[in-house]
Amino acid sequence: LPPAEYHQESYGSGHAEVVQADGDIFPLETGKWINLQIRDDGDEEARTRFCRVGDWSELEVAAGRFEVVEVSCQELNRTKVWYYAPAIGTFVRYLNTHRYERSVTQDLVAIHRAGQ
(Lines give C-alpha, C1' and ligand atoms only; values in the text may rest on other atoms or scores of the structure.)
Protein backbone atom coordinates (compact mmCIF):
# COMPACT_ATOMS: atom_id res chain seq x y z
CA LEU A 1 0.00 0.00 0.00
CA PRO A 2 1.34 3.45 -0.83
CA PRO A 3 2.14 6.14 1.73
CA ALA A 4 -0.79 8.42 2.54
CA GLU A 5 -0.86 12.13 3.13
CA TYR A 6 -3.63 13.71 5.11
CA HIS A 7 -4.87 17.28 5.47
CA GLN A 8 -7.48 17.74 8.17
CA GLU A 9 -8.81 20.83 9.84
CA SER A 10 -8.67 19.33 13.33
CA TYR A 11 -5.43 17.28 13.01
CA GLY A 12 -3.41 19.30 10.53
CA SER A 13 -1.29 17.73 7.81
CA GLY A 14 0.93 14.72 7.89
CA HIS A 15 2.12 11.52 6.29
CA ALA A 16 1.65 7.87 7.17
CA GLU A 17 2.97 4.71 5.60
CA VAL A 18 2.20 1.02 5.89
CA VAL A 19 5.33 -0.70 7.23
CA GLN A 20 3.85 -4.22 7.34
CA ALA A 21 0.73 -5.90 5.98
CA ASP A 22 -0.47 -9.43 6.75
CA GLY A 23 -3.50 -10.82 4.93
CA ASP A 24 -5.35 -9.44 1.91
CA ILE A 25 -8.83 -7.99 1.41
CA PHE A 26 -8.73 -7.62 -2.37
CA PRO A 27 -10.74 -8.55 -4.27
CA LEU A 28 -13.37 -7.62 -1.68
CA GLU A 29 -14.95 -10.86 -0.48
CA THR A 30 -16.80 -11.49 2.77
CA GLY A 31 -14.48 -12.78 5.48
CA LYS A 32 -11.21 -11.52 3.99
CA TRP A 33 -9.00 -9.50 6.33
CA ILE A 34 -5.76 -7.57 6.54
CA ASN A 35 -3.68 -6.53 9.54
CA LEU A 36 -1.70 -3.33 8.95
CA GLN A 37 1.15 -1.73 10.86
CA ILE A 38 1.07 2.00 10.10
CA ARG A 39 3.65 4.58 11.11
CA ASP A 40 2.86 8.30 11.19
CA ASP A 41 5.39 11.10 10.76
CA GLY A 42 7.52 11.48 13.85
CA ASP A 43 6.28 8.31 15.57
CA GLU A 44 8.78 5.72 16.73
CA GLU A 45 6.25 2.89 16.86
CA ALA A 46 3.68 1.78 14.34
CA ARG A 47 0.00 1.50 15.21
CA THR A 48 -2.13 -1.50 14.30
CA ARG A 49 -5.20 -1.37 12.09
CA PHE A 50 -7.16 -4.59 11.55
CA CYS A 51 -9.61 -4.54 8.61
CA ARG A 52 -12.25 -7.08 7.66
CA VAL A 53 -14.64 -7.39 4.75
CA GLY A 54 -18.18 -7.88 6.01
CA ASP A 55 -21.44 -8.86 4.41
CA TRP A 56 -23.11 -7.54 1.28
CA SER A 57 -26.36 -5.63 1.67
CA GLU A 58 -28.41 -2.85 0.15
CA LEU A 59 -28.13 0.67 1.50
CA GLU A 60 -30.16 3.76 0.68
CA VAL A 61 -28.60 7.21 0.93
CA ALA A 62 -29.55 10.56 -0.62
CA ALA A 63 -27.74 9.61 -3.86
CA GLY A 64 -29.83 6.43 -4.29
CA ARG A 65 -30.03 2.78 -3.35
CA PHE A 66 -26.91 0.65 -3.81
CA GLU A 67 -25.61 -2.87 -3.30
CA VAL A 68 -22.70 -2.41 -0.89
CA VAL A 69 -20.07 -4.40 0.94
CA GLU A 70 -19.02 -3.35 4.43
CA VAL A 71 -15.32 -2.85 5.10
CA SER A 72 -14.53 -2.17 8.75
CA CYS A 73 -11.20 -1.27 10.32
CA GLN A 74 -10.44 -1.31 14.02
CA GLU A 75 -7.69 0.66 15.75
CA LEU A 76 -7.04 1.12 19.45
CA ASN A 77 -9.71 3.80 20.07
CA ARG A 78 -11.41 4.04 16.69
CA THR A 79 -13.55 2.03 14.31
CA LYS A 80 -13.89 3.12 10.67
CA VAL A 81 -16.52 1.54 8.43
CA TRP A 82 -16.93 2.09 4.69
CA TYR A 83 -19.93 0.86 2.70
CA TYR A 84 -18.44 0.41 -0.76
CA ALA A 85 -20.65 0.26 -3.87
CA PRO A 86 -18.80 -1.46 -6.74
CA ALA A 87 -21.37 -0.25 -9.29
CA ILE A 88 -20.16 3.34 -8.85
CA GLY A 89 -16.60 2.64 -7.64
CA THR A 90 -16.76 4.50 -4.34
CA PHE A 91 -18.22 4.36 -0.86
CA VAL A 92 -21.74 5.60 -0.19
CA ARG A 93 -21.44 5.78 3.61
CA TYR A 94 -18.48 6.26 5.94
CA LEU A 95 -18.67 5.93 9.72
CA ASN A 96 -15.83 6.99 12.00
CA THR A 97 -16.55 6.06 15.60
CA HIS A 98 -14.08 7.14 18.26
CA ARG A 99 -14.13 6.03 21.88
CA TYR A 100 -13.35 9.51 23.25
CA GLU A 101 -14.09 11.99 20.46
CA ARG A 102 -17.27 12.65 18.51
CA SER A 103 -18.32 10.18 15.86
CA VAL A 104 -18.70 11.20 12.21
CA THR A 105 -21.03 9.82 9.52
CA GLN A 106 -20.73 10.85 5.87
CA ASP A 107 -23.24 9.80 3.17
CA LEU A 108 -22.98 10.20 -0.58
CA VAL A 109 -25.55 12.82 -1.60
CA ALA A 110 -25.19 12.92 -5.39
CA ILE A 111 -23.44 11.36 -8.35
CA HIS A 112 -22.39 13.30 -11.42
CA ARG A 113 -20.74 11.25 -14.15
CA ALA A 114 -18.36 12.94 -16.56
CA GLY A 115 -19.48 13.11 -20.18
CA GLN A 116 -18.12 10.63 -22.68
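The values are calculated or read from the model by the stated rules, or taken from the named source; none is laboratory data. All values derive from a computational prediction rather than experimental measurement. Quick reminder, even Gly has a Cβ in these numbers, built from the backbone with ideal geometry, and neighbours come from all protein chains shown. Areas reflect the complete protein model, heavy atoms only, side chains present, ligands, DNA and RNA absent. Shrake-Rupley method; radii C 1.70, N 1.55, O 1.52, S 1.80 Å.
Summary table
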| quantity | calculated |
| --- | --- |
| Complete set of residues in the range 4-49 that are closer than 20 Å to VAL104 by Cβ, assigned to a strand (DSSP E or B) and aromatic (Phe, Trp, Tyr) | TYR6 |
| Hey, VAL92 surrounded by 14 or more Cβ atoms within 10 Å (Cβ to Cβ), in contact (Cβ under 8 Å) with a residue 40 or more places away in the chain and in contact with a strand residue (DSSP E or B) (Cβ under 6 Å, 6 or more places away or on another chain) or not | no |
| Checklist (1) under 25 Å from VAL18 (Cβ atoms); (2) in a loop (DSSP other than H, G, I, E, B); (3) open to solvent by less than 40 Å² (accessible area, probe 1.4 Å) applied to GLU101, failing item | (3) |
| Lone unmet requirement of (1) under 14 Å from CYS51 (Cα atoms); (2) modelled with pLDDT of 95 or more; (3) of a type in the set (A, V, I, L, M); (4) in a loop (DSSP other than H, G, I, E, B) for VAL109 | (1) |
| Any pair with Cβ under 8 angstrom, 6 or more apart, that starts in the range 11-24 at a residue that is among the aliphatic types (A, V, I, L, M) and ends at one that is assigned to a loop (DSSP other than H, G, I, E, B) and open to solvent by less than 70 Å² (accessible area, probe 1.4 Å) | VAL19/ALA46 |
| Some residue of the range 59-82 being touching a Pro at 6+ places or on another chain (Cβ under 8 Å), at pLDDT 95 or above and more than 23 Å from HIS7 (Cβ to Cβ) | yes |
| Residues located in the range 55-77, provided they are open to solvent by 50 Å² or more (accessible area, probe 1.4 Å) and in a strand (DSSP E or B) | ASP55, TRP56, SER57, GLU58, GLU60, ARG65, GLU67, GLU70, GLN74 |
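Matching residues to (1) polar (S, T, N, Q); (2) in contact with a strand residue (DSSP E or B) (Cβ under 7 Å, 6 or more places away or on another chain); (3) without any contact (Cβ under 8 Å) to a residue 12 or more places away in the chain:
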site	(1), (2), (3)
ILE34	no, yes, no
ARG39	no, yes, no
GLU44	no, no, yes
ARG49	no, yes, no
GLU70	no, yes, no
THR79	yes, yes, no
